[in-house]
Amino acid sequence: MNRSSNGRKASARAEKIRVLIADDHTTFLAGLTSIIDMERDMIVIAQATDGRQAADRWRKHRPSVMLLDLRMPVMDGVAVIDEIRREDASTRIVILTTYDSDNDIYRAIKAGAKGYLLKDARREELLDCIRKVNRGETCIPQALMQKLVTGISNEPLTDREAEVLQLLAAGKSNKEIGTKLFISEFTVKGHLHNIFTKLNVLSRTEAISAATRRGLVHP
C-alpha cells in the first residue's frame, strides 16, 4: 500500500467524530460501541468503566464527544465533568443515563454537559445527539428540558436542609436528626418548615416522595 493510500485513510479517520464512552455496564458499553462504529462518520476511540478512567482516558485521547453515565464507580459523572472542564471548558460531553430527575439533569447541565439522554432513547436520537453536540449545539429532549426548567425555578435547598432531608428519608425522628447533626429539635423543625415550603408539600411523607422523585435523596 502506498503512502498516498495511507494518507487518505488517516485523513478519513481524523475527520470522523471520535467518541469516548464511559459506562460501568460492560454489555451496554459493547452494544453502544457496535452501534456507533457502524456509522460512517463516527468511531469509538476509547472506553472507560469508571469515573477515574473516564477522566484519564479523555485526557489521553481528547475525543470529539464523550458519552458519560451519570452514576459511575470511583467518581460520578458530575465529578468527571468538573475535572475535565477545569482543563478544557469547550469539552463536549453527553450524559447517557437511566436517571431523569430534575436534580440530576440540573447538576449535569450546570457542570457543563452539552447533552442529556436516557439510555432507552432511540438509536437515531442518540446518533443525532452526538452529531449535534459535535457541531457545538446542545441536545436535551423537550421532556427533560421541562424537568430542568422546573428544577431551576424552585429555590434550592441549603446544604443543611439537604442533610435533614436525607435523614428524614432514612426514617429518623426530629430528635434523632438533631442528635445526628448536633442541632436542637427546634432547629430541625425550622429546617423542615423550609424544606416543606421549597418542595411545596405539607407533610413528611409528601416531602420524601417529592424529594425522591426529584432525585434529592437516594436509597
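The table that follows gives values for the structure above.
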quantity: Yes/no for Thr97 being under 30 Å from Ile177 (Cα atoms) and not hydrophobic (A, V, I, L, M, F, W, C); calculated: no
quantity: Residue satisfying all of: in the range 98-117; surrounded by 16 or more Cβ atoms within 10 Å (Cβ to Cβ) and out of contact with any helix residue (DSSP H, G or I) (no Cβ under 7 Å at 6 or more places or on another chain); farthest from Arg85 (Cα to Cα) among these; calculated: Tyr99
quantity: Residue satisfying all of: in the range 208-218; part of a helix (DSSP H, G or I) and at pLDDT 80 or above; nearest to Ser173 (Cα to Cα) among these; calculated: Ile208
quantity: Subset tally (residues that are within 20 Å of Tyr99 (Cα to Cα) and not basic (Lys, Arg)) for the range 179-219; calculated: 12
quantity: Residue in the range 11-20 that is at pLDDT below 95, acidic (Asp, Glu), in a helix (DSSP H, G or I) and under 26 Å from Pro141 (Cα atoms) present; calculated: no
quantity: Flag if His218 is more than 30 Å from Glu87 (Cβ to Cβ) and outside the structural domain of Ala89 (by TED's automatic domain parsing); calculated: no
quantity: Residue list for the range 152-188, filter: within 13 Å of Ala207 (Cβ to Cβ) and in contact with a His (Cβ under 7 Å, 6 or more places away or on another chain); calculated: Glu161, Val164
quantity: Criterion violated by Gln47 - all others in (1) touching a Ser or Thr at 6+ places or on another chain (Cβ under 7 Å); (2) within 20 Å of Leu127 (Cα to Cα); (3) at pLDDT below 95; (4) of a type outside the set (Gly, Ala, Ser) satisfied; calculated: (3)
quantity: Some residue of the range 193-207 being at pLDDT 90 or above, among the small types (Gly, Ala, Ser) and surrounded by 13 or more Cβ atoms within 10 Å (Cβ to Cβ); calculated: no
quantity: Complete set of residues in the range 21-41 that are surrounded by 14 or more Cβ atoms within 10 Å (Cβ to Cβ) and in contact with a Ser or Thr (Cβ under 9 Å, 6 or more places away or on another chain); calculated: Ile21, Ala22, Asp23, Asp24, Leu29
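The values are calculated or read from the model by the stated rules, or taken from the named source; none is laboratory data. It should be emphasised that the depicted structure is a prediction, and the values quoted were computed from it without experimental measurement. Neighbour counts are summed over all protein chains in view; Cβ atoms, including those assigned to glycine, are modelled from backbone coordinates with ideal geometry.
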